[in-house]
Amino acid sequence: MKSVTTFNLQYAHRFYGFCGEAQYLHGHTGIMTIEVEDSINEGVNMVFPCNEIKKTAWSVLKNFDHALILRQDDPLLPAILAVYEKQGIRDGAPTNTMRGYAFKTDLAMAYPKCRLVVTKETMTVEGMIKITYDLLKDKLNISKITFVSGDNTATEDFTVTGTIDRCPRCGIELDECGICPKCGYFK
Ligand SMILES: [Zn+2]
Ligand SMILES: [Zn+2]
């Protein structure tokens, strides 16, 4: 069975070097759907609580929300950083509080202080799915990710192997000692 969560990401990007309108800076509300597959956890009669999937995913993906996403070789990158620097917002601003934690993977690097994500590849809907799976594959049993942005949609299925030990009372993952971090249930 699957538990499915959907949420929005608002971002600006462009396809650097692409022969089309998308080579110009523009923005979207992207809709991300993450499907998590496992056995039914009998205690709570669910695969995984959807708000917990969202919480786990959002902790990293909020880096992409109200953010600028540019490819590492895009000449806009140094230009924008120079403006942020000059304006004094390169290393944060008092109103920039909804920040994710900084991450660095082979595919992307987040700079939450200035709401920027630098990617290795062009951030198409396909690219976003690759980045997302890479960030979350060790935290969630992801069987499918779909990303819709404007007229573009991409979807990918992933093979889930194994099951996650979950609390029979609140449904969340037990820690390495078999204890529920939320209610203290001990396996
Ligand atoms: Zn676009
Ligand atoms: Zn619990």
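Take peptides 19-26, 166-173 and line them up by average Cβ neighbours within 10 Å, highest first, as a rough protection proxy. Write down the numbers at each step before the final one.
Working: 19-26: 10.8, 166-173: 19.2.
Ranked by mean Cβ neighbours within 10 Å, highest first: 166-173, 19-26.
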Here FRET efficiency (C-beta to C-beta, Lys113 to Asp175, R₀ 22 Å, nearest 0.05) is 0.15
Counting pairs of alpha carbon atoms under 8 Å apart in space and at least six apart in sequence, what relative contact order in percent does the chain give?
-> 24
Excluding residues fewer than 8 places away in the same chain, name every one of the lysines whose C-alpha is closer than 24 Å to that of Lys130.
-> Lys2, Lys54, Lys55, Lys62, Lys104, Lys113, Lys120, Lys139, Lys144
Treat each spin label as a single point 7 Å out from the Cα along the C-beta direction, and report the Ala79 to Val44 distance in nm.
-> 4.8
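Determine, from the Cβ-Cβ distance of Thr163 and Lys120 and an R0 of 45 Å, the FRET efficiency 1/(1 + (r/R0)^6), rounded to the nearest 0.05. Spell out each step's value before the answer.
Details: r = 32 Å, r/R0 = 0.72.
About 0.90, to the nearest 0.05.
Between Lys187 and Thr97, what is the FRET efficiency for a Förster distance of 35 Å, r being their Cβ-Cβ separation, to the nearest 0.05?
Working: r = 37 Å, r/R0 = 1.06.
Result of the calculation: an efficiency of 0.40.
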Between segment 84-121 and segment 1-56, the alpha-carbon center distance in angstrom | 20
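Find out how many positive minus negative residues lie around Asp74, taking Lys and Arg as positive, Asp and Glu as negative, among other residues whose Cβ is under 13 Å from that of Asp74. Write down the numbers at each step before the final one.
On the way: positive: Arg14, Arg71, Lys120; negative: Asp73, Glu121.
It works out to a net charge of +1.
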By Cβ neighbour count within 10 Å, fewest first, Asp38, Asp134, Asp157 rank Asp157, Asp134, Asp38
Rg(Cα) of segment 2-157 divided by 2.2 N^0.38 Å?
-> 1.10
Residues other than Lys144 with Cβ under 12 Å of its Cβ, Lys/Arg counted +1 and Asp/Glu -1, net out at -3
Label 7 Å along Cα→Cβ of Thr155; segment 18-55 residues with amide nitrogen under 12 Å?
-> 33-35
Please sort by residue number the GluC sites (Glu not before Pro) in segment 24-62 whose DSSP state is loop and whose Cβ has at most 14 other Cβ atoms within 10 Å.
-> Glu42
Quick calc of log₁₀ I(q)/I(0), segment 21-77, Debye, one scatterer on every Cα, no solvent, q values 0.17 1/Å, result -0.73
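Give me the percent of Cα-Cα pairs in segment 91-187 that sit more than 19 Å apart, rounded to a whole number.
On the way: 2828 of 4656 pairs.
For segment 91-187, the share of Cα pairs beyond 19 Å comes to 61 percent.
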Please arrange Val148, Val36 by counting, for each residue, the other beta carbons lying within 10 Å of its beta carbon, fewest first.
-> Val148, Val36
Surrounding charge for Gly92, neighbours by C-beta under 13 angstrom, Lys/Arg +1, Asp/Glu -1, total +2
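Since every read-out is calculated from the coordinates, none of them should be taken as a lab result. Just so it is clear, the model here is predicted, and its values are computed rather than measured. A quick note on method: Cβ atoms are made from the backbone with ideal geometry, for glycine too, and the neighbour counts reach across all protein chains shown.
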